[in-house]
Amino acid sequence: MKKKNNIPLKERAPNFQFAQFIKPAFRDYTKYTIIRAWRRVWKTYWAFQWILLMMIENPWSKWLWVDTIQSNLKKYIERYVKEILGRLIETVHIDYQSYIITFDNWSVLDMGSAERPENLEWFWYDYAVLNEAWIILKKDWLWRKTLQPMLMDAQVKIVWTPKWKTDHLYYELSQQCKASKNWVEYHYTCYDSPYINQEELENIKDEIAWFLWLQEYMAEFVDVYENSLIDQERLRYYDSLDINDFDRIYAHADTTHTWKTTSDYFCLMLIWEHRKSKLYYVIDFILEKLDVEKQARQSIIMYSQYQKRIKKFTYDEKANQWFGFWIKKLAREEYNISLPIEEQKYPNDKIQHFTPHVPHFKSNRVYLPSNHKHINRWKNQLIAFPEKWINDDFVDWLSGALDNFKWKEKKKKTTLAVIKQ
């Protein structure tokens, strides 16, 4: 131990400042506190700050830090402990062989890892932090046979970014927060963090798989395809098309009521039916956040590009009652064209609306453009639906567009039945 300073430790301590959003989690004195958060809320840093503050305020207290691998421990001491303590580090003893930190008020922190669980046994503690607990608790016996018995009288912070929930202890512990007064959970997503640009988040969301977004950025428990109506293996793609192979084009618009960043996307796309194979190809689209006049104007511009081939232009006006007014007004007064536009009534239940079209995917009849810049967003929405955390603008549009073929096929069957009679 370094030479003891006669000034009380509390008076020599640096001024600890927690970020406002995460303060409640570290001020909670519930026996077991789960902090479920995405990676860039600095949860490990704040956990160390909490430990060091409490060690200063609680002489003779016994602490435990459990991490994933042994090599992390030295990094944390160098990058977090020394930075947080500042000049106070001069009176702290650090044993780099055993990874034990001792203050001059005799509070002690033992640091260990799930990589060497044998070093964690035979002690008792007042406080503990289980960092990256999803990885630690893969070995559920480490919790049930080693950590839990040692921490029976301790206040414990369990910090993690979750993965899937099937057959994993941490999901079980998270659910326990709903049933026991000794357990509480704080959930922080990327939108809670002040350390990242929101525009950057939206770009990332468009680029990565939906389950990675939920898992890594929204800190959600995810079982991929758990409730999905469409398997990823059912998706089909095309690289190029010859416009002369198509004779039926349907345009469909899924409108929105606002163009704010928090609103849904306005979605207008064209779907074509191949003349011979009768396969459906998603060809062109708009997927933007626009006010209602721009929604109408962009729709007319796209319609004009394929005007001679479009058989019908349908739209769902539930979300925006002004879309029909604006598109008809602009078509008549500014563009001097006549639109074959029809307002359609669709079920409020989106699952009910999309379910009749699932067989098209199972029979490999729907093709998406492989080289489109937003293909990942389309794919993610399709394979996630009806997962509530993923936007379903594309799925809504596809339901409405495929309704045109559903109606056409139904009419054809009715006609054949009349002929047979």
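Derivation of every value follows stated rules applied to the coordinates shown; laboratory data play no part. Quick caveat: nothing in here was measured; it's all calculated off a predicted structure. All Cβ positions, glycine included, derive from the backbone under ideal geometry; neighbour counts span all protein chains shown.
For this structure, a couple of remarks:
- The DSSP beta bridges internal to the chain are antiparallel in roughly 35% of cases.
- Rounded FRET efficiency, nearest 0.05, which uses the C-beta distance separating Trp322 from Asp28 and R0 of 51 Å: 0.60
- Angle in degrees between helix 43-57 and the longest Cα principal axis of the chain, rounded to the nearest 10: 30 degrees
- In this structure, the residue pairs whose Cα-Cα separation is over 22 Å, taken from Lys178/Lys350; Lys350/Lys373; Lys43/Lys75, are Lys178/Lys350; Lys350/Lys373.
- Highest GNM mean-square fluctuation among Arg36, Arg297, Arg116, for the chain modelled with Cα contacts below 10 Å: Arg116.
- Stretch gain in nm, segment Asn364-Gln176, where the contour uses 0.36 nm per residue and the Cα spacing is subtracted: 63.4 nm
- Computed over the chain, the alpha-carbon pair-distance distribution with 10 angstrom bins reads 4, 18, 22, 16, 13, 12, 9, 5, 1, 0, 0, each value a whole percent.
- For the chain, the longest principal axis of the Cα atoms and the long axis of helix 393-420 meet at an angle of about 40 degrees.
- Antiparallel %, DSSP beta bridges [both residues in the range 9-216], to 5: 20 percent
- Mean Cβ count within 10 Å, highest first, over the residues of peptides 183-189, 272-278, 37-43: 37-43, 183-189, 272-278
- Label separation (His257 vs Leu201): 2.3 nm, computed from points 7 Å beyond Cα along the C-beta direction.
- Sequence of Met54, Met302 once ranked by neighbouring C-beta atoms within 10 Å, starting from the fewest: Met54, Met302
- With helices as the sole contributors, the chain gives -8500 deg cm²/dmol at 222 nm; each DSSP H run of n ≥ 4 counts as -39500 (n - 2.57), and the sum is divided by every residue.
- In terms of the mean number of neighbouring beta-carbon atoms within 10 Å, the peptides 86-93, 195-202, 97-104 order highest first as 97-104, 86-93, 195-202.
- 24 Å Cα-Cα threshold exceeded, pairs from Lys139/Lys205; Lys31/Lys62; Lys308/Lys362: Lys139/Lys205; Lys308/Lys362
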